[in-house]
Amino acid sequence: MKSLDLTRRATLLGGMAALGGCGALGALNTAATPLPIYDLSARSGASAGRRTNRTLVVARPEAPATLDTDRIMVRPDAVSVAYIPAARWGDDLPEVVQSLLVRSLSGTGRIGYVGRAEGGPVPDRALLTRIDAFEVVDTGESLTARVAMSLTLIADRSQRVIASREFAGQAVAGDETPRAVVQAFQTVLDAELPAMADWVASRA
């Protein structure tokens with residue numbers, strides 16, 4: 001039965017914390033316990049290709065409230081949202097994605113300057129990102145990391161949209177531990193970040 005599968009997975013993951021929280025005492029106990037932090041690595045696109053001296057800023061990505069957190073989100077079913085209690089990202093997810101994009105784009109060496117929107121030179125181009133999915137999906141047989149993002153490149157001064165594209169990928173976790181789940185996210189990003197960097201660099 002599905003309910004039994006979810007119970008088993010919740011136990012293996014250390015017990016999933018449902019959106020909406022538990023009791024006050026449980027919340028205090030959770031707050032007093034430091035959560036293990038997991039990091040994700042940037043992957044650069046190709047160094048060969050179109051080059052430009054233009055400046056590019058990467059704005060803080062937009063994300064729904066359920067993803068605008070440092071917790072790793074799980075979908076036990078189509079209508080429920082939960083979080084892995086024994087793990088968190090090193091920062092809120094939008095900042096994590098912003099940093100990954102900056103490092104991936106900068107690593108190509110094909111754009112004159114790449115940085116965050118805060119500070120830096122006056123930009124020629126701006127990259128807007130919307131995080132549509134960055135979650136663990138429980139299929140009943142496995143846990144799958146799913147990532148979906150929409151990128152829009154604009155001319156900063158005129159606010160003209162140069163191009164937009166959606167990127168998505170998924171990978172099955174090797175087992176049901178937080179470490180394996182994070183590695184599944186990394187597998188997705190190893191494929192998608194270079195594709196994103198190449199796409200932006202060829203149009204910046």
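Coordinate-derived values only; no laboratory data. Fair warning: this is a prediction, and the values are worked out from it, not measured in the lab. Backbone-built Cβ (ideal geometry, glycine too); neighbour counts: all protein chains shown.
Observations, loosely collected:
- Counting all C-alpha pairs of segment 38-91, share separated by more than 19 Å (%): 53 percent
- Database remark: amide H of VAL58 closer than 5 angstrom to the amide H of GLY115, ARG116, ALA117, LEU127 (H placed geometrically; neighbours at sequence offset of 5 or more, or on other chains; Pro and chain starts carry no H).
- Sequentially through segment 57-68, phi angles give Karplus couplings (6.51, -1.76, 1.60; θ = phi - 60°) of 10, 9, 6, 4, x, 7, 7, x, 4, 5, 9, 7 Hz, Gly and Pro residues having no value and appearing as x.
- Amide hydrogen neighbours beyond the local backbone of ASP156, cut-off 5 Å, H modeled: ARG125, ALA126
- From phi via Karplus (6.51, -1.76, 1.60), per-residue ³J(HN,Hα) for segment 105-115 in Hz, x at Gly/Pro: 5, 4, x, 6, x, 9, 10, x, 8, 10, x
- Under 5 Å from the amide H of ALA46 lie the amide H atoms of ASP198, each residue being 5 or more positions distant or on a separate chain, with H modelled from the backbone and absent for Pro and chain starts.
- Estimated FRET transfer efficiency (SER158, ALA48; beta-carbon r; R0 30 Å; 0.05): 0.55
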